[in-house]
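The values are calculated or read from the model by the stated rules, or taken from the named source; none is laboratory data. Owing to the predicted nature of the structure, the values given are computational and were not obtained by experimental measurement. All Cβ positions, even for glycine, are placed from backbone atoms using ideal geometry, and neighbour counts span all protein chains on display.
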């Protein structure tokens, strides 16, 4: 029996976490991508996510409906509660997480594995410039 796991893909903004996750999920169909809830302007960014308003996001977060939630770069993110129990099943998940959450995530998601990505400063600046989310120095 295969044991489920959560693989957190981490790295700076613009490094290509979502692209790497999509490629991994295509190569390994048993890996499921966790779609985060993001409180932001609809249509901003290329990531496949569940759009929620800022008001709705904080109402849901207050009710404990997210496994994890955080704010980064003026955006709020939340993960679905189902990933808490993946190590009790044979399901495996890929999730885009911020580096700062890794320090405490093992309290919520046991046996988490981190895949850290990096890129040159020039490559990151170029990718971030095309996002329209603000100056690259903010990311």
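Do you know which of the residues in segment 72-86 that are surrounded by fewer than 18 Cβ atoms within 10 Å (Cβ to Cβ) and at pLDDT below 75 is nearest to residue 56 (Cα to Cα)? For segment 72-86, the residue satisfying everything is 84. Assigned to a loop (DSSP other than H, G, I, E, B), touching a helix residue (DSSP H, G or I) at 6+ places or on another chain (Cβ under 6 Å), closer than 23 Å to residue 110 by Cα and modelled with pLDDT under 90, is that true of residue 14? Taking the combined requirement at face value, the residue does not satisfy it.
So is residue 62 surrounded by 15 or more Cβ atoms within 10 Å (Cβ to Cβ) and either at pLDDT 85 or above or over 15 Å from the mean Cα position of the chain (by Cα) (or both) or not? Write out each step before concluding.
Values: surrounded by 15 or more Cβ atoms within 10 Å (Cβ to Cβ): no; either at pLDDT 85 or above or over 15 Å from the mean Cα position of the chain (by Cα) (or both): yes.
So residue 62 does not fit the description; no.
Pairing residues of segment 104-133 that are on the phi > 0 side of the Ramachandran plot and touching a residue at least 40 places away in the same chain (Cβ under 8 Å) with residues that are part of a loop (DSSP other than H, G, I, E, B) and surrounded by 13 or more Cβ atoms within 10 Å (Cβ to Cβ), at Cβ distances under 8 Å and at least 6 apart in sequence or on separate chains, gives 111/5; 132/44.
Taken together, the residues in segment 60-79 that are over 21 Å from residue 99 (Cβ atoms) and touching a strand residue (DSSP E or B) at 6+ places or on another chain (Cβ under 9 Å) amount to 2. Checking each residue in segment 20-47 for being surrounded by fewer than 14 Cβ atoms within 10 Å (Cβ to Cβ) and at pLDDT 90 or above picks out 23, 26, 27, 28. Within segment 102-139, being at pLDDT 80 or above, out of contact with any strand residue (DSSP E or B) (no Cβ under 9 Å at 6 or more places or on another chain), within 14 Å of residue 11 (Cβ to Cβ) and surrounded by 14 or more Cβ atoms within 10 Å (Cβ to Cβ) holds for 119, 124. Summed over segment 87-101, the residues that are outside any helix (DSSP H, G or I) and modelled with pLDDT under 80 give a count of 3.
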